[in-house]
Amino acid sequence: MNEFTDKIIEMVKENRMTFAEFMDKALYDPEHGYYQKENPFGIQGSFYTSVDASSSFGRTISDAMRDTVRRLSLPANFCEMGAGSGMLACDVLDRVKEKDPDFYEGLSYTIIEKSAYLIERQKEVLKEHEGHVKWIAFEELNGFEGVFFSNELVDAFPVHRVIRINDELKELFVIHHEGKLTFWPDDISDPAIKDYLDAIGLRVAEGQIVEINLNMLEWQKQLASKISRGVVFTVDYGYPAEQLFESWRRDGTVTCYFKHTQNNDFFERVGYQDITAFVDFTSLENAGKDNGLEPAALLPQWLFLVQAGILGEIENAGTDLEKASIKSLIMPEGGFGQNFFVLVQHKGVELDDDFPFTQKAGKTFDEMLKRMGG
């Protein structure tokens with residue numbers, strides 16, 4: 001128990017919350033939210049990302065974005081939403097500065113970040129790139145031309161939890177009962193939840209819990225309206241709907257991380273642990289398409305990175321440890337390649353068959369393993 005938990009208990013006593021409301025407060029409350037006052041990244045935080053695994057991730061992403069801008073004759077504009085520790089942005093900018101100084105001179109790097117705490121951290125990490133980086137609110141982004149990307153952003157959007165009981169769809173609300181926070185099933189809070197399920201043809205199995213991310217649908221709608229010409233790379237963990245919502249996933253995918261340990265103690269350490277859920281890439285892609293973001297591909301992270309040239313990073317790595325760190329980004333089993341995907345979307349530009357990040361593009365997994373010596 002902590003002061004913030006007590007505060008939420010008092011709120012719930014007055015009016016129950018959807019899990020989406022609870023998750024939003026736990027992560028984003030201006031004073032007590034996890035992302036507002038903690039450093040959750042790397043060894044000192046609660047979880048690792050691809051950025052923490054190896055700087056080759058950022059360098060390869062950098063090459064992919066620079067190549068995209070050049071191929072499509074776009075302005076040298078990169079925009080990252082949810083920049084976290086700022087290390088990915090630093091790796092991207094370091095790479096451009098080293099590999100293509102002329103491109104770097106004209107490059108504008110925009111960061112959209114809602115956490116004041118993380119903005120200050122990012123400014124410190126990126127101080128050597130002053131003059132190339134600016135911070136804006138999402139509402140301020142308009143008429144963007146360039147490459148827009150995010151890494152592990154959507155999984156942190158608040159989600160509703162839904163369950164089928166006695167053949168009736170119910171929502172799991174957060175209530176206070178017998179001295180503690182717990183779940184209580186009741187009527188669905190928002191008709192958009194049923195619309196979401198209908199759109200992907202999902203009938204929730206008896207006793208099955210699923211997460212519904214309405215926030216990502218609204219995000220796609222807004223993002224589409226803010227991009228004039230460009231490509232969007234969305235990197236995250238999840239699956240297409242038919243895999244994500246398989247009936248054997250009885251308890252959904254929402255989970256917590258505290259000091260690199262996974263748990264399902266949603267109501268413990270409120271404001272001091274991460275809460276996250278797998279991304280439904282089918283609904284994400286459909287929401288974008290409905291609003292003008294055309295899908296180019298949904299690629300496994302390993303294939304996207306291979307297409308962007310990460311095998312060269314392995315070949316140039318100086319030590320076996322460095323090679324192992326890079327391989328963790330692309331190995332389908334046991335690494336970040338296992339359930340990470342990259343959704344590639346575009347608006348106002350045409351992608352030809354030579355564009356490396358389309359569903360038709362890609363080297364075979366066997367070829368990748370051969371070059372890796374595995």
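The values are calculated or read from the model by the stated rules, or taken from the named source; none is laboratory data. The structure presented is a predicted model; accordingly, all values stated were derived computationally and were not measured. Glycine also receives a Cβ, built like all others from the backbone with ideal geometry; neighbour counts cover every protein chain displayed. Keep in mind that these areas ignore ligands, DNA and RNA; they rest on the heavy atoms of the full protein, side chains included. Shrake-Rupley method; radii C 1.70, N 1.55, O 1.52, S 1.80 Å.
So here's what we get for this one:
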| read-out | value |
| --- | --- |
| Any hit, region 108-123, residues being outside any loop (DSSP other than H, G, I, E, B), basic (Lys, Arg) and within 21 Å of SER85 (Cβ to Cβ) | yes |
| Residue list for region 167-210, filter: open to solvent by 50 Å² or more (accessible area, probe 1.4 Å), assigned to a loop (DSSP other than H, G, I, E, B), in contact (Cβ under 8 Å) with a residue 24 or more places away in the chain and farther than 27 Å from ASP236 by Cβ | ASP167 |
| Filter result (among the hydrophobic types (A, V, I, L, M, F, W, C), touching a helix residue (DSSP H, G or I) at 6+ places or on another chain (Cβ under 7 Å) and open to solvent by 10 Å² or more (accessible area, probe 1.4 Å)) within region 254-284 | PHE278 |
| Filter pass, GLU80 being without any contact (Cβ under 8 Å) to a residue 60 or more places away in the chain, outside any loop (DSSP other than H, G, I, E, B) and either surrounded by fewer than 21 Cβ atoms within 10 Å (Cβ to Cβ) or not aliphatic (A, V, I, L, M) (or both) | no |
| The one condition in (1) β-branched (Val, Ile, Thr); (2) part of a helix (DSSP H, G or I); (3) in contact (Cβ under 8 Å) with a residue 24 or more places away in the chain that ILE163 fails to fulfil | (2) |
| Filter result for VAL306 (assigned to a loop (DSSP other than H, G, I, E, B), open to solvent by less than 30 Å² (accessible area, probe 1.4 Å), among the hydrophobic types (A, V, I, L, M, F, W, C) and farther than 21 Å from GLY207 by Cα) | no |
| Unique match (being more than 19 Å from the chain's Cα centre (by Cα) and under 24 Å from ASP354 (Cβ atoms)) among GLU322, GLU285, GLU315 | GLU315 |
